[in-house]
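The values are calculated or read from the model by the stated rules, or taken from the named source; none is laboratory data. Not measured: the values here are computed from a predicted model. Positions of Cβ are backbone-derived with ideal geometry, glycine not excepted, and every protein chain shown enters the neighbour counts.
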Amino acid sequence: MQAMTDLDEIRQTLEKTMMPHELEEAMPLIEEIQRLKREKNAVVLGHNYMTPAVFYGCSDFIGDSLGLARKAADTEADIILFNGVHFMAETASILNPDKKVLIADPEAGCSLAESITGADVRAMKAQYPGVPVVTYVNCSAEVKAETDICCTSANALKVIESLPDDTILFLPDAYLAKNMQLQTKKKLIPYEKGKCMVHEQYTGEDIAYFRKQFDDLLVIAHPECDTDVTQASDFSGSTSQMEGFIARSSNKNVLLVTECSMADNLRSVFPDRMFVGTCHTCPHMKKITLRKVRDALLFEQFEVRVPEDIRVRAVKSVERMIAIG
Ligand code: 13P
Ligand code: SF4
């Protein structure tokens, strides 16, 4: 989705979610970031888990990891700054070896991506010879290079069903695998060690507790949660699919079972809804701050590059993913 670049419009949006003193501190940085983007022909991609100031103040395009990967594949810009986590910038770099791809903090990782290496995938392939590998995009380039096709939570089921095989290695998110297993007749072989440190904290009891507090509660959970959570929810999908589901519903009270910034960002999209309950923060996503975004554009840091021998093997699995809606 295209984001706003007009400063008055950005201010009006942020006024709905930020305290006045925070906004006054943020606006000069936002102005500088918007100027640097124009001067350097840079495109800024903002994941739904960025804080409102980074999300609305800096982005040219906003969305979930699949939507932003598509934007990265499309762009004519010289520089791509990915405001998200490292694997997202790495995916943009896999698709654009001739462009400068930046991340504002190279330490912005992901517990899922860190749970698995290329050697782990090779070991699983040796254990299950001939079984195709579907890998959640939250993984390193080295893992993507061992993969037949990547997926995100937006298209995981379609990717699974697109393969002719009845048995599939589905890595590395064990809970996404469990959620998909409930929806497909194929046999998915999971990688038990992969969990999202944010979504694994939610339980079905949390949802039962909040349902008791609110009669008309709409519960929407990310499929990186365990199945007791997704089964107790009204909808489960990618971060952008969550927004779409809220738009199609009329409930006043909404519980988003996902990272905290999601509700902060949606408050200005749905001013008539109440985002209730609790949330957990992703420490990796929160490493991306306005000041670091400004420095990333100013000093053209920190560049994300993938060795060419790995990139050429990884790009096929990413392009196959992008082709599936
Ligand atoms: P989406 O693909 O739904 O945006 O999710 C990415 C992510 O990291 C969720 O934790
Ligand atoms: Fe990774 Fe979870 Fe953070 Fe998403 S929320 S980037 S899956 S640790």
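Taking the range 70-85 as the range and being touching a Leu at 6+ places or on another chain (Cβ under 7 Å), aliphatic (A, V, I, L, M) and within 16 Å of ligand 1 (Cβ to nearest atom) as the test, the residues that pass are Ala72, Ala73.
Within the range 272-280, does at least one residue satisfy the condition of being within 18 Å of the chain's Cα centre (by Cα) and within 16 Å of ligand 1 (Cβ to nearest atom)? Taking every residue of the range 272-280 in turn, at least one turns out to be within 18 Å of the chain's Cα centre (by Cα) and within 16 Å of ligand 1 (Cβ to nearest atom). If you filter the range 248-278 down to residues that are in contact with a Ser or Thr (Cβ under 8 Å, 6 or more places away or on another chain) and not charged (D, E, K, R), you find that the one that is modelled with the lowest pLDDT is Ser268.
Yes/no per residue for (1) of a type outside the set (A, V, I, L, M, F, W, C); (2) touching a strand residue (DSSP E or B) at 6+ places or on another chain (Cβ under 9 Å):
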site	(1), (2)
Ile116	no, yes
Ala123	no, no
Thr135	yes, yes
Val143	no, yes
Ala156	no, yes
Ile168	no, yes
Ala174	no, yes
Cys196	no, yes
His199	yes, yes
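Of the candidates Ser317, Ser261, the single residue that is of a type in the set (Gly, Ala, Ser), outside any loop (DSSP other than H, G, I, E, B) and within 16 Å of ligand 2 (Cβ to nearest atom) is Ser261.
Rundown of residues vs (1) in contact with an Asp or Glu (Cβ under 7 Å, 6 or more places away or on another chain); (2) within 13 Å of ligand 1 (Cβ to nearest atom), yes/no style:
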position	(1), (2)
Thr147	no, no
Cys150	no, yes
Asn155	no, yes
Thr167	no, no
Met180	no, no
Lys186	yes, no
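If you go through the range 113-149 one residue at a time, how many are part of a helix (DSSP H, G or I) and among the aliphatic types (A, V, I, L, M)? Of the residues in that region, 8 qualify.
Go through the residues of the range 117-132 one by one and say whether even a single one is surrounded by fewer than 22 Cβ atoms within 10 Å (Cβ to Cβ) and either on the phi > 0 side of the Ramachandran plot or within 13 Å of ligand 2 (Cβ to nearest atom) (or both). Yes, the range 117-132 contains a residue that is surrounded by fewer than 22 Cβ atoms within 10 Å (Cβ to Cβ) and either on the phi > 0 side of the Ramachandran plot or within 13 Å of ligand 2 (Cβ to nearest atom) (or both).
Being crowded, with 22+ Cβ neighbours inside 10 Å and not in a helix (DSSP H, G or I) is the filter here; which residues of the range 79-109 pass it? Those that are crowded, with 22+ Cβ neighbours inside 10 Å and not in a helix (DSSP H, G or I): Ile80, Leu81, Phe82, Asn83, Gly84, Val85, Val101, Leu102, Ile103, Ala104, Ala108. Looking only at the range 281-299, residues that are part of a loop (DSSP other than H, G, I, E, B) and either away from ligand 1 (no atom under 16 Å from the Cβ) or modelled with pLDDT under 95 (or both) come to 1 in all.
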